[in-house]
Amino acid sequence: MADGVFGVGVASGDPLPDGVILWTRLAPKPTEGGGMPARDVPVDWQIATDESFRSVVRAGTQNAQAAYAHSVHVDVRGLDPGHDYFYRFRAGTVLSPVGRTRTAAAPGSGPQAASGQLSFALASCQDFQNGYWAAFDAIAADHPDLVVHVGDYIYEYDPDSRFPDRRHTTPRTPGLDQLQTLADYRDRYGQYKADPALQAAHRAAPWIVTWDDHEVENNYAGLVDEAGDTGARHQDPAAFARQRAAAYQAYYEHMPIRAQLNPGSPDLRIYRRLTFGSLVTFNVMDTRQYRTPVPEPAPQGIGAAALGADNTAGTMAGAEQERWLRAGLDASRTRWNIIAQQTMMAQLDGQLPAGSGQLLTNLDQNDGYRPYRRRLLSGVRDSHASNPIVLSGDLHCAWVNDLRVDFDRPETPAVAAEFVCTSISSAFFLVSDDFVRANNDRLNPHVRYFRGDRRGYTRIRITPQECRAEMRTVTDLSSRDSPVTTDAIYVVEDGIPTAQPA
Ligand SMILES: [Fe+2]
């Protein structure tokens, strides 16, 4: 086995009280099809309570299957709750790097019994071409219990970067202006996952991941893809279904995720629920696969806010997932209840130029599906789930918001707080921060914090008493060693659904 056979690192994810997914992929040539022979290869794995593997508690052998790009997903069980573990793989005589993981706390007896704490990083949007990932080194240095990633793990675009070593791989089919085939998606994941900072963040903690649009194609909705900038037409749904099947398979192959892949199918259920003792439940959503089309296709998704308000038949989650979320909130027994999803939940209306008549919005966000959002937030309120918090990404800028059922009635009570993380590296393309703040003061009074000019992540710590969020910002995106500092801290106290500056 070649020395670089673990060239895309190791990872763990979807922690349970007694188990966790361990992941790796054998790929000595990660951007050139992987570089493995076209046969299955046995991979040994070990999980231990100590970093030097004197106390191995579980071990086994699993085939890295050629049909799945020689990826390995081990669903380890029989572990102790709320414990740190260390894991590694071996292919032939080559040992992988060692990863640290952690199981969830034991199931609790109800919110009154909440104890302990959970620290995690909230991350999204890591356009490789736009800069370096000091944010991931900072996440690794935090030693969190968990990393929660809400999408845009890769970008599907063509090579175009001012950094010579950050140019995207080229699609192998001549003439394509983005990823479309399984081979192309795999190479792109190979490129991203070869990055040492991303590998360090995966080695540091288990991840809970969900996808947004760029894991397949910008702003897709269900089986409706993006029309090209130059007036190109949508693909027919059958062609886009093939692309989505390839993209979803490559996602599965590269993520430490507990999911049932059906190769060749454009469907893959990844929405799921993970619980950490009596303290916190994560409802992890998928708002791409089952969503109805945007009310009106538009450049960058921008259109009239009224179109979103009138989208009564629209849904971002699909009827089944909407029911699943509500049932989970109704049944929850934890002190905190997180809804981790993709695009910003809070209403964001704007006017260009300021003071002009028509209200504009981003129809690709929840704003394009306002009756759906009202159903979801009414359900959050009516479920009486304790301390709901919405986590989001997608916008490449950081926000803290009050969420209300009717954003146009600011006198009504908030039902939940929302934290939107800025991007790990993707560009914030909108107008200046001052313009956004002035616009928010006029039109979006539920916004408590906004910053658009910095990349980074949100560091969150949950205890029975509070949910504390630190907005972490990268000083210099063009340096792998950039400092990462805290720009602001907001705290949600138990029983009060708004965030206050600490
Ligand atoms: Fe993004």
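The values are calculated or read from the model by the stated rules, or taken from the named source; none is laboratory data. What you are looking at is a predicted structure, and each value in this text was computed from that prediction instead of being measured. Note: ideal-geometry Cβ built from the backbone for every residue, glycine included; neighbour counts use all protein chains shown. Only protein heavy atoms, including side chains, enter the accessible area calculation; ligands, DNA and RNA are left aside. Shrake-Rupley method; radii C 1.70, N 1.55, O 1.52, S 1.80 Å.
The one condition from (1) at pLDDT 95 or above; (2) more than 29 Å from the chain's Cα centre (by Cα); (3) hydrophobic (A, V, I, L, M, F, W, C) that residue 1 does not meet is (1). Figure legend. Inter-residue proximity from segment 212-225: first residues of a type in the set (A, V, I, L, M, F, W, C), second residues open to solvent by less than 10 Å² (accessible area, probe 1.4 Å) and within 10 Å of the ligand (Cβ to nearest atom), beta-carbon distance below 9 Å, spacing 6+ or different chains. Indicated pairs: 221/213.
Applying a threshold of 7 Å to beta carbon distances and a minimum spacing of six or more residues, or different chains, the list of pairs starting in segment 373-393 at a residue that is part of a strand (DSSP E or B) and ending at one that is surrounded by fewer than 24 Cβ atoms within 10 Å (Cβ to Cβ) and at pLDDT below 95 is empty. Within segment 262-271, the set of residues being of a type outside the set (Val, Ile, Thr) and either open to solvent by less than 10 Å² (accessible area, probe 1.4 Å) or at negative phi (or both) comprises 262, 263, 265, 266, 267, 268, 269, 271. For segment 48-103, a residue qualifies if it is open to solvent by less than 30 Å² (accessible area, probe 1.4 Å), over 22 Å from residue 8 (Cβ atoms) and not in a loop (DSSP other than H, G, I, E, B), and exactly one does: 48. So is residue 493 under 30 Å from residue 333 (Cα atoms) and touching a Ser or Thr at 6+ places or on another chain (Cβ under 7 Å) or not? Judged against the criteria, residue 493 is not a match. Consider segment 127-157 and keep the residues that are more than 17 Å from the chain's Cα centre (by Cα), of a type outside the set (A, V, I, L, M, F, W, C) and away from the ligand (no atom under 16 Å from the Cβ). The one that is least open to solvent (accessible area, probe 1.4 Å) is 132. Total residues in segment 437-475 satisfying the condition of being closer than 21 Å to residue 427 by Cα and in a strand (DSSP E or B): the figure is 12. Restricting attention to segment 394-434, the residues that are outside any loop (DSSP other than H, G, I, E, B) and away from the ligand (no atom under 16 Å from the Cβ) total 10. Only residues that are in a loop (DSSP other than H, G, I, E, B) and over 17 Å from the mean Cα position of the chain (by Cα) were counted across segment 106-126, and they come to 9.
Restricting attention to segment 328-362 and to residues that are in a strand (DSSP E or B) and either over 26 Å from residue 289 (Cβ atoms) or not assigned by TED's automatic domain parsing to the domain that holds residue 123 (or both), the residue that is most open to solvent (accessible area, probe 1.4 Å) turns out to be 360. Report yes if residue 343 is touching a Pro at 6+ places or on another chain (Cβ under 8 Å) and of a type in the set (Val, Ile, Thr), otherwise no. Answer is no for this residue.
Residues that are touching a Phe, Trp or Tyr at 6+ places or on another chain (Cβ under 9 Å) and within 16 Å of the ligand (Cβ to nearest atom) were ranked within segment 365-393; the one that is nearest to residue 491 (Cα to Cα) is 391.
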